[in-house]
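Enquirer: Questions regarding the structure given below will be posed in turn.
The values are calculated or read from the model by the stated rules, or taken from the named source; none is laboratory data. Only a predicted model underlies this, so the values are computations on that prediction, with no experimental measurement involved. Here Cβ is always computed from backbone atoms with ideal geometry, including for glycine, and neighbour counts include all displayed protein chains.
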Amino acid sequence: MDNRKRRRELSEDLRTKIVEKYQQSQGYKSISRDLDLPVSTVRNIIKKFATHGTVANLSGRGRKRKIDERLQRRIVRMVDKQPQTRSKEIQAVLQTQGASVSGRTIRRHLNKIKRYGRRPRRTPLLTQRHKKARLQFAKMYLSKPKSFWENVLWTDETKIELFGKAHHSTVYRKRNEAYKEKNTVPTVKYGGGSMMFWVVFAASGTGCLECVQGIMKSEDYQRILGRTVEPNVRKLGLRPRSWVFQQDNDPKHTSKSTQKWMATKRWRVLKWPAMSPDLNPIEHLWRDLKIAVGKRCTSNKRDLEQFAKEEWSKIPGERCKKL
């Protein structure tokens with residue numbers, strides 16, 4: 001009988017059959033011949049049944065774990081306190097405890113206790129002053145009704161590259177076909193050029209999309225506001241004399257000349273906490289726009305501007321209202 005047959009684990013039904021034959025006064029050798037099993041296997045199963053009263057697997061079988069409960073708690077405390085701790089660092093700590101454990105075993109154990117290795121998310125660097133301002137912002141506007149937010153004119157600017165990064169990072173392909181043209185994303189050095197866009201939107205839908213030539217300065221920003229804001233307020237149906245203007249704390253927005261210019265307009269401006277781009281719902285629309293433009297074959301900046309305006313106007317009002 002080969003090693004593979006001798007080493008396989010017997011099913012519980014087969015073990016039960018061995019015990020039944022033994023209880024019917026059959027001997028070890030007779031059971032061995034009938035079931036094509038080694039005599040030693042038959043003997044061990046009958047001995048186990050006589051000792052424990054069962055043929056089922058007992059708890060505590062197999063190799064003992066190198067990470068006991070005390071080390072488990074130590075590992076959990078380490079990763080909960082410092083999530084960026086590497087498995088090699090944990091391994092070094094365990095060695096001081098007398099446990100020689102591989103990094104793979106540590107990672108497998110962390111997965112078992114639902115601690116998974118993931119790339120950290122990138123977020124704005126917030127000081128205590130920034131956090132305090134964000135909390136004050138939240139408390140100030142937490143109780144505002146839905147009608148308030150539906151009367152806000154949201155604004156922002158972003159850069160779109162002519163040949164930007166693909167927003168879809170997965171292709172389904174066969175092996176050794178990574179460089180087939182249909183499975184690749186064409187790239188150009190430095191993105192092949194880019195354009196800056198400034199837009200407005202409200203709960204009722206998207207407003208204008210302005211292409212910014214060169215670097216936008218305070219004077220350029222003021223000219224754009226002067227010719228676009230009030231027409232968009234009327235177009236989007238915001239309530240006269242009670243609508244709210246939103247902008248972030250970009251230097252050209254908060255410069256003395258811009259602040260003085262806006263004071264003459266007597267607009268209500270939403271007080272915006274510093275380092276808070278993630279608070280602006282327009283970020284979701286930027287992603288929608290860049291994905292939509294990326295799907296079109298842009299070969300020059302004129303096409304990029306045309307496609308951006310077309311795709312911006314296609315964003316449904318329901319999307320804006322939900323944001």
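Enquirer: What number goes with the only condition from (1) over 30 Å from Gln213 (Cα atoms); (2) surrounded by 14 or more Cβ atoms within 10 Å (Cβ to Cβ) that Ile113 does not pass?
Expert: (2)
Enquirer: Among the residues of the range 267-307, write down those that are closer than 19 Å to Leu323 by Cβ and among the hydroxyl-bearing types (Ser, Thr, Tyr).
Expert: Answer for the range 267-307, where residues must be closer than 19 Å to Leu323 by Cβ and among the hydroxyl-bearing types (Ser, Thr, Tyr): just Ser276.
Enquirer: I'd like to know if the range 240-254 contains one or more residues that are farther than 24 Å from His130 by Cβ, assigned to a loop (DSSP other than H, G, I, E, B), among the charged types (D, E, K, R) and touching a helix residue (DSSP H, G or I) at 6+ places or on another chain (Cβ under 9 Å). So that I can check it myself, show each step before the final result.
Expert: Pass one, the range 240-254, residues farther than 24 Å from His130 by Cβ: 240-243.
Subsequent filtering for residues that are assigned to a loop (DSSP other than H, G, I, E, B) retains 240-243.
Checking which are among the charged types (D, E, K, R) leaves us with 241.
From what is left, the residues that are touching a helix residue (DSSP H, G or I) at 6+ places or on another chain (Cβ under 9 Å) are none.
No: zero hits.
Enquirer: Something else: When you check Gln91 against the structure, is it assigned to a helix (DSSP H, G or I), within 42 Å of the chain's Cα centre (by Cα) and under 29 Å from Arg121 (Cβ atoms), yes or no?
Expert: Numbers: assigned to a helix (DSSP H, G or I): yes; within 42 Å of the chain's Cα centre (by Cα): yes; under 29 Å from Arg121 (Cβ atoms): yes.
Criteria met by Gln91.
Enquirer: Here are Glu177, Glu157: which of them is in the same structural domain as Asn249 (by TED's automatic domain parsing), modelled with pLDDT of 85 or more and in contact with a helix residue (DSSP H, G or I) (Cβ under 7 Å, 6 or more places away or on another chain)?
Expert: When all the criteria are applied, what remains is Glu177.
Enquirer: For the range 96-118, state whether one or more residues are closer than 27 Å to Ser276 by Cα, assigned to a helix (DSSP H, G or I) and free of Cβ contacts under 8 Å to residues at least 24 places away in the same chain.
Expert: Taking every residue of the range 96-118 in turn, none turns out to be closer than 27 Å to Ser276 by Cα, assigned to a helix (DSSP H, G or I) and free of Cβ contacts under 8 Å to residues at least 24 places away in the same chain.
Enquirer: Of the residues that make up the range 260-275, is at least one part of a strand (DSSP E or B), in contact (Cβ under 8 Å) with a residue 12 or more places away in the chain, in the same structural domain as Glu157 (by TED's automatic domain parsing) and closer than 19 Å to Glu157 by Cβ?
Expert: Looking for residues that are part of a strand (DSSP E or B), in contact (Cβ under 8 Å) with a residue 12 or more places away in the chain, in the same structural domain as Glu157 (by TED's automatic domain parsing) and closer than 19 Å to Glu157 by Cβ, one finds at least one in the range 260-275, hence yes.
Enquirer: Quick test of your reading of the structure: Thr228 fulfils all but one of (1) assigned to a helix (DSSP H, G or I); (2) free of Cβ contacts under 8 Å to residues at least 24 places away in the same chain. Name the failing condition by number.
Expert: Unmet condition: (2).
Enquirer: Quickly run through the range 251-270 and pick out the residues that are within 20 Å of Phe197 (Cβ to Cβ) and either among the basic types (Lys, Arg) or crowded, with 16+ Cβ neighbours inside 10 Å (or both).
Expert: Matches in the range 251-270: Lys252, His253, Thr258.
Enquirer: Do any residues in the range 291-318 that are in contact (Cβ under 8 Å) with a residue 24 or more places away in the chain and exposed (fewer than 14 other Cβ atoms within 10 Å of the Cβ) have Cβ atoms under 6 Å from those of residues that are assigned to a loop (DSSP other than H, G, I, E, B) and of a type outside the set (Gly, Ala, Ser), where the two are at least six apart or on different chains, and which pairs are they?
Expert: Ile291/His167
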